[in-house]
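The next block holds one structure in the form of structure tokens; read it before the comments.
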Amino acid sequence: MFLKKIFVILSLCLALPMVGQAQSAHWAVSPSYQSITRFSDNLFKVKTSASTGICDENEKWVVSLAMDSITNLTNGFALAMTKKKDLYKIEYIIRENGTRETVKEDVYAGDYPYFVEDRCVVMNKKGKYGYLDPSGKLAVPCTYTAVLPFHNGVAHVSKAKGGFSGLLDKLKSGSRKSGTLYEVGKDGKIVKGSKDGTYLEIDKTGKVLRSVETVQGKIDTKNINQPYKSTPDPSYTRFTENKLYGYKKGGSVALPAQFEEGERVSDGYAIVMVDHLFGVVKFNTASVGCKVSETGGKMKAEATIPSVWENKAASIIRVVNDASRKTYEMQGTDTQRTLVADVSNEKGKKVYELACEKLILWRSYTKSTKSEDVGDAGKASAGGGITVSAPSTVSANAKNICAVNIHVVNRGNTTRTISLSLSTGQSSSIKLAAGKSGNVTVNVPVTKDTKCKITASGGGATSSCSTTLKAKFVL
């Protein structure tokens, strides 16, 4: 939502109309869940207290909200599972694009619940191991007592009663080739073939190629079951106001501060928290317009709602002196909404918000007797506001010091000295001419991952943002 200039004139007896037009946003996934993470570009893994599923940007279910566990993508595939006593039965194999295969075999997650070279280790109820292919069929029957993932087209397996060495305490990779794991016994030595049978090397069809005495298999732990990483959109930044998150595009407000948590915008989406529940907002190019006026104890409002909100309830929220908060439902079901309501006639600061389904799309403040630009999170003074931003995360160097690069914009019409304060205790300042921007780097020592709030103030205006400082070594 791209919030343009809103001019507000307030006198003791008359409040002229406040007119605003902004970029629109809507719920891609309703704020109804205990957890939401990215599964892929436009798919989201959603959790309640009891189950998990995968939905798209229209909240249509790719995997119903009936699973007990869904792994992250590994090598292009994920597993959706239900819990049966102490085992996890594999129900579906899910691809990155959301298509899926039903697993008709009665198989369960084994020691390596992910695909490597189009094969996934599984086991049956008897504890015997085999391999599943991406179509959901058993490529290698569950006949082995121990197996390792495939590597270079082959896998090492065992039918021996004791599996790999009987009782193994650990896997060890030392002076051997990096990334290659060897089975070792309590003495730390690489396990050789046992008296009750040597180990076998098989191909992807289960054909035995040869007997082997040294068991090994390369496991790339960096790419296994890792959360999906999307690329943040640099045109959007987060800001905080009254300990709530909002979003700006460029230097203007896209969504007013209202979220208890808010992730970076990526591909037009952001995962946010409202009333302790998570949802996903989708930013779009449609616009929403709103006009509110008050006189003689009557409040009138007119709004143009984008088509995505047709047949959805729209409300005007009126807040007086940061205390009294009342919601008024607007009339109409199409894109044009109106409101006429009796209101109390208090003096002081008033805030008006346009909201649809728990999402505040527009906010206007009346505080000054002069026209004021409230495009910067509604906190600008009559001389214009301040924008402050920083990277969402900053990683420490080898000395455990984070170099935080802070970007500051003076949106006022005079030169200002802008003070910067960090919640970690550091401070700095920058002098900027009207309409100019600049950068300040502040070094912050850290001993653990730390959330840091950055506040900029000057000329009667304030702005804030936050970043997470990542320690290189946790002390």
Q: Give segment 1-35 a look and list any residue that's of a type outside the set (Gly, Ala, Ser), open to solvent by less than 10 Å² (accessible area, probe 1.4 Å) and either at pLDDT 95 or above or out of contact with any Ser or Thr (no Cβ under 8 Å at 6 or more places or on another chain) (or both), or say none.
A: Val29
Q. Among the listed residues Ser437, Ser457, Ser423, which satisfies the condition of being modelled with pLDDT of 90 or more and open to solvent by 40 Å² or more (accessible area, probe 1.4 Å)?
A. Ser423
Q) Could you say whether any residue in segment 115-129 is under 28 Å from Ser49 (Cβ atoms) and open to solvent by 20 Å² or more (accessible area, probe 1.4 Å)? A) no
Q) Within segment 305-327, can you find the residues that are exposed (fewer than 15 other Cβ atoms within 10 Å of the Cβ) and either polar (S, T, N, Q) or at pLDDT 95 or above (or both)? A) Ser307, Asn311, Asn321, Ser324, Thr327
Q | Qualifying position, being under 24 Å from Val29 (Cβ atoms) and over 30 Å from the mean Cα position of the chain (by Cα), among Thr327, Thr335 | A | Thr335
Q | Residue list for segment 49-101, filter: farther than 19 Å from Phe115 by Cβ, among the small types (Gly, Ala, Ser) and either in contact (Cβ under 8 Å) with a residue 12 or more places away in the chain or touching a strand residue (DSSP E or B) at 6+ places or on another chain (Cβ under 7 Å) (or both) | A | Ser49, Ser51, Gly53, Ser64, Ala66
Q: Assess whether Val274 counts as being under 14 Å from the mean Cα position of the chain (by Cα) and either β-branched (Val, Ile, Thr) or surrounded by fewer than 18 Cβ atoms within 10 Å (Cβ to Cβ) (or both).
A: yes
(Q) Among the residues that make up segment 144-166, is at least one of them in contact with a Pro (Cβ under 7 Å, 6 or more places away or on another chain), of a type outside the set (Lys, Arg) and either at pLDDT 90 or above or in a loop (DSSP other than H, G, I, E, B) (or both)? (A) yes
Q: Being at pLDDT below 95, open to solvent by less than 40 Å² (accessible area, probe 1.4 Å) and either farther than 18 Å from Tyr269 by Cα or β-branched (Val, Ile, Thr) (or both) narrows it down to one of Tyr112, Tyr108, so name that one.
A: Tyr112
Q) Among Val446, Val388, which is the only one that is under 23 Å from the mean Cα position of the chain (by Cα) and open to solvent by less than 20 Å² (accessible area, probe 1.4 Å)? A) Val388
(Q) Can you say whether Thr295 is open to solvent by 10 Å² or more (accessible area, probe 1.4 Å), more than 22 Å from Val253 (Cα to Cα), in contact (Cβ under 8 Å) with a residue 60 or more places away in the chain and not hydrophobic (A, V, I, L, M, F, W, C), as far as the supplied structure shows? (A) yes
Q: Can you work out which of the residues in segment 223-268 that are buried (at least 17 other Cβ atoms within 10 Å of the Cβ) and of a type in the set (Phe, Trp, Tyr) is farthest from Ser392 (Cα to Cα)?
A: Phe259
Q: Specify the residue that is farthest from Pro256 (Cα to Cα); the eligible residues are those in segment 315-366 that are in a strand (DSSP E or B) and of a type in the set (Lys, Arg).
A: Arg337
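The values are calculated or read from the model by the stated rules, or taken from the named source; none is laboratory data. Computed from a predicted structure; not experimentally measured. So basically every Cβ, Gly included, is an ideal-geometry build from the backbone, and we count neighbours across all protein chains shown. Side chains included, ligands, DNA and RNA excluded: accessible areas come from the protein's heavy atoms. Shrake-Rupley method; radii C 1.70, N 1.55, O 1.52, S 1.80 Å.
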